[in-house]
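Here is the structure we will look at, set down as structure tokens.
The values are calculated or read from the model by the stated rules, or taken from the named source; none is laboratory data. These numbers come from a predicted model, not from an experiment. All Cβ positions, glycine included, derive from the backbone under ideal geometry; neighbour counts span all protein chains shown. Heads up: the accessible areas ignore ligands, DNA and RNA and are worked out on the full protein's heavy atoms, side chains in. Shrake-Rupley method; radii C 1.70, N 1.55, O 1.52, S 1.80 Å.
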Amino acid sequence: MGDELGRTIADARPDGDPIARSVRLARVTGALFGSATATSIGRYELKHQLARGGGGTVYVARDPELDRDVAIKLIRFASEAQRERALAEGRVLAKLAHPNVVPVFDVGASETHVYLVMELVRGPSLRERATADRTIRELVAAYREAGLGLVAAHDVGVIHRDFKPDNAILGEDGRVRVVDFGLAIGAHDGASTTIAGTPRYMAPEQRDGEAIGAAADQYALAVSLREALGDRALPSWLGRVLARASAAEPPQRYPHVRDLVRELGNDPRRTWLRRGAIAAPLILAAAGFAIGRERDAGEAGPAPCSGGAELIAPAWSPDRVAAASSRIAGLGTPFATVIAPLVRDRAQATGERWIAAHRHSCLAHERRELTGELFDRSTVCLGRARRELGETLALLETASPSQLEPALTALGLIETARCLDPVALAGTATPGPSPAGRELERQIDIAQLHTRAGPGRAIELAEAAVRTARIVAERAPLARALLVLGHARLDSDQAGAIAPLEEATLVALASGRDELAAEAHARKMWAAGFVGSDSLRPLDSLPLAKAIAQRAGDRGQFARALLANNAGSLKIKAGQFDLARQDFGEALELGRKVTGPEAVELVNTVSNLATIARDRAERSKLFALAVAIIKLAVGPDHSQTLIKQLAAVLDDDDPHRVVRALASLCPRLATLHPQQVAVIETCAFELAWQATALGDAAEVGRAVAVVRSPMRATDSRQLALASYAGDVRIQDLEAARDRETAKIASLGWFQRIYAADVELALAASALPPAARARAARAAILHLDQVVAITGAPYGRVLRRRAWAEALVRNARH
């Protein structure tokens with residue numbers, strides 16, 4: 001009693017609200033004398049305060065008529081207009097009958113307050129729920145329920161406006177309910193410029209006092225879930241979903257919160273019954289993949305389907321992971337040092353996911369939820385993932401510093417989720433008919449792993465797989481081996497890639513593998529367009545290839561996206577930018593449903609569209625999305641992540657922001673990836689000219705110091721870079737201008753930026769004023785042509801043009 005009395009008295013501080021004072025007084029009186037007259041509002045007896053915020057005060061109360069405890073929210077009003085508005089909003093909320101929204105039982109008013117009587121939900125908030133022992137799946141499921149509550153609110157015209165982890169309660173019955181609509185507004189009030197909410201979860205338009213809609217709640221839901229997940233490595237599909245839902249601009253988010261909720265439920269590991277792959281109408285169709293009965297405490301014998309750890313042991317173990325990570329750290333290079341912990345965490349998580357996937361597949365088969373054929377395909381898929389993991393660990397155990405990036409890439413592309421996805425499994429092979437057939441599949445898998453990782457042994461391994469496939473004489477494996485070989489050659493020998501890709505297309509068609517045929521044709525189309533003089537000629541067969549990919553159904557989704565992306569690339573080469581934008585938009589939409597390594601490859605679609613989108617805000621969002629996707633796949637320090645970050649920075653039209661970003665990014669690239677000479681030089685050049693334009697001589701010096709490769713007298717951009725440090729002859733720059741201008745006819749619109757760069761270097765040189773002005777005007781002409789041809793005012797172009805205009809003015813004076 002003493003502790004209770006102390007707490008009660010401590011709470012009984014002065015309060016301007018008479019009801020609050022009355023409730024506190026009753027508690028003190030009850031604590032002192034054992035009884036007190038309850039404070040009532042309407043028929044409800046207030047017991048004690050539960051929560052307090054800007055929207056009102058919530059009490060635990062007793063409903064004597066129904067003999068139950070309820071939560072009652074009191075909203076104090078100072079005018080009749082405030083009273084009527086609060087009552088109207090209360091009546092709207094009372095219409096919200098949904099399992100994931102706390103129900104409103106009654107609405108009324110006293111002389112000073114409007115009151116809302118609600119279900120009393122006891123349980124932790126989702127903030128309290130987000131502990132380290134909660135899995136990603138559990139947290140996603142909880143926030144999906146909260147999202148369903150927001151959907152219900154939006155359907156009756158209510159925008160929550162203050163969703164956050166504290167405003168979603170996990171009840172004792174296991175159901176999540178959205179609470180505290182105290183800042184809610186009607187959809188018709190979205191244009192209000194009143195800023196309200198919790199800053200951390202407010203959408204940009206909400207923070208800026210702009211018109212808001214349901215998209216603001218979507219943003220808050222995505223930010224809340226991302227916060228709950230903490231610093232865990234997310235599945236690629238989930239990273240893409242959250243990146244879109246939390247986009248800065250409302251049009252870039254999902255059209256509706258229900259679309260976000262639907263995507264959050266599309267975890268490939270939980271969709272065994274998707275699209276009728278298994279016809280039995282089980283409860284699993286709604287709940288996702290069921291785990292099955294766990295072994296009771298104390299039950300003798302091993303848990304069912306618990307042999308995954310033993311099966312994967314030859315390829316993976318925690319000890320092997322730790323040893324590989326320690327070896328990488330011991331290489332001593334800056335990149336090796338920073339990625340060693342990432343390798344350890346990701347390799348460990350990949351093995352654990354494989355064990356869990358094996359168990360899920362086995363349990364589903366035991367419960368007869370999987371047909372024998374699907375289980376066989378799942379087993380083959382898991383075997384492939386196990387081989388990839390073992391091969392990747394072998395790469396990490398032997399990689400030189402220059403080979404670490406490909407090995408890290410390979411690690412990021414290993415996925416087990418598709419082994420639990422019937423749609424993906426429909427496109428995989430059943431166990432080979434012979435030891436030779438199974439060995440061939442193993443060869444192809446390893447060659448494909450190396451192809452996705454980057455240059456190295458990929459071509460050698462793919463050629464060996466093709467030779468084996470011709471000996472085994474099975475069409476489908478031969479088609480796959482040829483496809484891998486063609487893919488492996490694309491980076492270094494586009495002309496040499498065409499023949500194997502063409503043969504792969506024909507062999508795949510003959511063996512009924514339409515998805516392989518369409519993918520092979522997409523890659524051949526791209527190679528032929530960039531090798532030949534007519535980049536549009538290979539597109540003649542595009543309608544037929546699309547029809548083949550369409551015939552493959554869901555298995556052809558990646559091929560359809562790749563066809564559209566590659567068609568867009570060839571149209572850019574031909575200067576057909578509007579048509580290319582359409583293709584990239586189509587590829588982006590198709591790619592949203594693609595998972596696994598193919599989804600990572602399609603990040604190029606995002607980058608491609610970002611490069612040519614007309615609207616700068618759209619480009620910014622797309623660049624950010626590309627960075628987010630690649631970062632999830634290969635980590636924040638991988639060169640591909642930094643290269644995409646560089647592309648995003650270069651499109652910024654604010655010169656001060658660009659210099660700040662490049663001053664950090666360029667040294668980071670040079671330190672972690674000294675082999676990326678061209679990228680480092682590009683970064684340093686952009687920093688040097690922009691710093692020169694801003695008059696920052698110290699930053700120019702640091703930019704030049706970043707470049708460690710020997711100066712090449714024929715490299716125009718290197719000459720221009722040196723000129724900003726005062727270390728080049730004017731006649732060399734003039735010769736470079738002539739070379740770059742001559743290339744425009746054959747290389748097209750982008751070459752005009754290089755020509756403009758040399759003109760700008762001349763305009764900033766020690767030439768006479770008239771010559772400097774002519775060079776600056778020539779740069780402006782080139783830059784205006786870039787905008788006219790592409791229809792996109794790029795940040796890098798706008799910044800260059802602004803400096804050119806300043807140089808013209810300076811030359812006059």
Exercise for review: Sort through H113, H160 and tell me the only one that's closer than 20 Å to A215 by Cβ, open to solvent by less than 40 Å² (accessible area, probe 1.4 Å) and at pLDDT 85 or above.
Suggested key: H160
**Study point:** Candidates A761, A736 - the one that is aliphatic (A, V, I, L, M), at pLDDT 90 or above, in contact with a Ser or Thr (Cβ under 8 Å, 6 or more places away or on another chain) and surrounded by 18 or more Cβ atoms within 10 Å (Cβ to Cβ)
**Key:** A761
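For the subset of segment 449-473 comprising residues that are in a loop (DSSP other than H, G, I, E, B) and open to solvent by 50 Å² or more (accessible area, probe 1.4 Å), which member is modelled with the lowest pLDDT?
P455
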Check your understanding: Do you know which of the residues in segment 61-96 that are modelled with pLDDT of 80 or more, part of a helix (DSSP H, G or I) and among the acidic types (D, E) is surrounded by the most Cβ atoms within 10 Å (Cβ to Cβ)?
Key -> E84
Study note, to complete from the structure: Expected single match for hydrophobic (A, V, I, L, M, F, W, C), open to solvent by 10 Å² or more (accessible area, probe 1.4 Å) and within 20 Å of F750 (Cβ to Cβ) among A684, A628, A624, A678 is A678
Review point. Quick one: is K631 at pLDDT below 90 and either within 18 Å of R240 (Cα to Cα) or touching a Lys or Arg at 6+ places or on another chain (Cβ under 9 Å) (or both)?
Key: yes
Point to revise | Given (1) within 23 Å of A447 (Cβ to Cβ); (2) open to solvent by 10 Å² or more (accessible area, probe 1.4 Å); (3) in contact (Cβ under 8 Å) with a residue 12 or more places away in the chain, index of the condition G496 fails | key: (3)
Check your understanding: Looking at (1) open to solvent by less than 60 Å² (accessible area, probe 1.4 Å); (2) in a helix (DSSP H, G or I); (3) more than 30 Å from D534 (Cβ to Cβ); (4) of a type outside the set (A, V, I, L, M), which is the only condition R796 fails?
Key -> (3)
Check your understanding: Do we find a residue being part of a loop (DSSP other than H, G, I, E, B) and either of a type outside the set (A, V, I, L, M) or within 22 Å of Q49 (Cα to Cα) (or both) anywhere in segment 136-156?
Key -> no
Exercise for review: May I ask you to list the residues in segment 556-599 that are free of Cβ contacts under 8 Å to residues at least 60 places away in the same chain and of a type in the set (S, T, Y)?
Suggested key: S569
Practice item. Tell me which of these R614 doesn't satisfy, since it passes every other one: (1) part of a helix (DSSP H, G or I); (2) farther than 30 Å from P334 by Cβ. Key: (1)
Practice item. Taking the residues in segment 483-493 that are open to solvent by less than 30 Å² (accessible area, probe 1.4 Å) and more than 21 Å from A385 (Cα to Cα) as candidates, determine which candidate is modelled with the lowest pLDDT. Key: L490
Study note, to complete from the structure: Restricted to segment 421-448 and to residues being at pLDDT 80 or above and among the hydrophobic types (A, V, I, L, M, F, W, C), the residue most open to solvent (accessible area, probe 1.4 Å) is I446
Point to revise | Restricting segment 199-211 to residues that are open to solvent by 20 Å² or more (accessible area, probe 1.4 Å) and either at pLDDT below 85 or more than 24 Å from the chain's Cα centre (by Cα) (or both), the residue that is farthest from H256 (Cα to Cα) | key: D208
Practice item. Exactly one condition in (1) within 22 Å of V808 (Cβ to Cβ); (2) part of a helix (DSSP H, G or I); (3) open to solvent by 20 Å² or more (accessible area, probe 1.4 Å); (4) not aromatic (F, W, Y) is not met by V704; state its number. Key: (1)
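Which one is nearest to the chain's Cα centre (by Cα), of the residues in segment 523-538 that are buried (at least 22 other Cβ atoms within 10 Å of the Cβ) and not basic (K, R)?
So the residue we want is W526.
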Study note, to complete from the structure: Selection from segment 631-651 of residues among the small types (G, A, S) and open to solvent by less than 30 Å² (accessible area, probe 1.4 Å) yields A633, G635, S639
Review point. Can you name the residue in segment 593-607 that is open to solvent by less than 40 Å² (accessible area, probe 1.4 Å) and of a type in the set (S, T, N, Q) and is also nearest to D653 (Cα to Cα) among such residues?
Key: S607
Review point. If T135 satisfies every condition in (1) open to solvent by 30 Å² or more (accessible area, probe 1.4 Å); (2) closer than 24 Å to T39 by Cα but one, which is the exception?
Key: (2)
